[in-house]
1. Taking the residues in the stretch 31-47 that are modelled with pLDDT of 85 or more and basic (Lys, Arg) as candidates, determine which candidate is farthest from the chain's Cα centre (by Cα).
2. Across the stretch 177-197, which residue is modelled with the highest pLDDT among those that are surrounded by fewer than 16 Cβ atoms within 10 Å (Cβ to Cβ) and among the hydroxyl-bearing types (Ser, Thr, Tyr)?
3. Please verify whether residue 174 is β-branched (Val, Ile, Thr), surrounded by fewer than 19 Cβ atoms within 10 Å (Cβ to Cβ) and at pLDDT 85 or above, treating the condition exactly as stated.
4. List every residue pair whose Cβ atoms sit under 9 Å apart, with the two residues 6 or more apart in sequence or on different chains, where the first one lies in the stretch 63-74 and is over 17 Å from residue 37 (Cβ atoms) and the second, anywhere, is of a type in the set (A, V, I, L, M).
5. Given the options 152, 159, name the one that is surrounded by fewer than 18 Cβ atoms within 10 Å (Cβ to Cβ) and aliphatic (A, V, I, L, M).
6. Going through 143, 200 one at a time, which residue ends up being among the charged types (D, E, K, R), crowded, with 19+ Cβ neighbours inside 10 Å and out of contact with any helix residue (DSSP H, G or I) (no Cβ under 7 Å at 6 or more places or on another chain)?
7. Kindly indicate the residue of the stretch 65-112 that is among the acidic types (Asp, Glu) and in a strand (DSSP E or B) and also modelled with the lowest pLDDT among those meeting that condition.
8. Just checking: which of the strands (runs of 3 or more DSSP E) contained wholly in the stretch 137-217 hold 1 or more residues that are of a type outside the set (S, T, N, Q) and closer than 26 Å to residue 36 by Cβ?
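The values are calculated or read from the model by the stated rules, or taken from the named source; none is laboratory data. Keep in mind that this is a model prediction, so the values were computed, not measured. Here the Cβ positions follow ideal geometry from the backbone for every residue, glycine too, while neighbour counts run over all protein chains shown.
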Amino acid sequence: MKKTILISLVVMCLLIGTGQIYSQETSSPTREYKFTVKTNPLAALGGPFWVIVIPVTGEYKAYFETKVSNKTAFQIGASYIGPSVLLNLDEITKEEDGEEITGVKTSGYRIQGTFKFFISRDLNAPEGFYLAPNISYATASIKNKAHPDDKISGTKVNINGLIGYQMITSGGFTLDVFTGLGFVSRKYEVTGDFDPEDFKTKSTISVPFGLAFGYAF
């Protein structure tokens with residue numbers, strides 16, 4: 001928990017520093033952006049499902065954001081959840097015995113929505129500091145290829161309040177950095193030979209932080 005809080009504070013410092021530098025050096029009242037498209041390639045390393053500190057899934061995500069008014073914007077996100085690039089369970093568990101292949105298969109998806117209220121006085125949406133409620137739903141399963149009845153299915157619901165800063169350069173390059181506080185609920189269903197004690201349902205406080213890169217137009 002202490003490490004999570006420390007990382008969150010670092011992200012907050014980055015938000016403030018980025019906002020100050022950007023407003024001083026690149027702000028231009030003539031620019032108008034309606035849409036942004038973004039992704040976060042780092043999410044492929046791990047998330048949203050972990051076992052202790054081991055990432056058992058990777059997330060391959062895309063965001064689309066549209067300006068609603070001068071001070072608001074709505075963002076939707078969709079993700080494919082598959083094996084983690086950092087620890088690919090699908091590969092390390094695969095064995096070949098003649099034509100028979102055993103191992104695991106990881107698959108799932110996440111959907112999410114965020115409504116942003118931009119609070120920078122000298123910038124309009126979708127640029128500047130913002131506050132935002134965020135909700136997401138993720139589901140994934142890990143199956144034994146040789147024994148399909150051996151399966152772990154998990155769902156994860158996040159409800160967060162976010163604070164962030166979205167920077168857009170004169171060329172349209174977009175960097176969105178955020179942190180916040182929220183609630184997360186994880187639920188697992190285990191069948192077959194997996195031990196259900198390793199995958200307990202639980203609800204906890206969460207401290208989200210992240211970033212996304214993209215393009216505004």
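1. Restricting to residues being modelled with pLDDT of 85 or more and basic (Lys, Arg), the top hit is 34.
2. Once the filter is applied, the top-ranked residue is 185.
3. no
4. Qualifying pairs under 9 Å: 69/125; 70/125; 71/119; 71/125; 72/125.
5. That would be 159, the only listed residue that is surrounded by fewer than 18 Cβ atoms within 10 Å (Cβ to Cβ) and aliphatic (A, V, I, L, M).
6. 143
7. 100
8. By residue number, 151-168, 173-191, 209-216.
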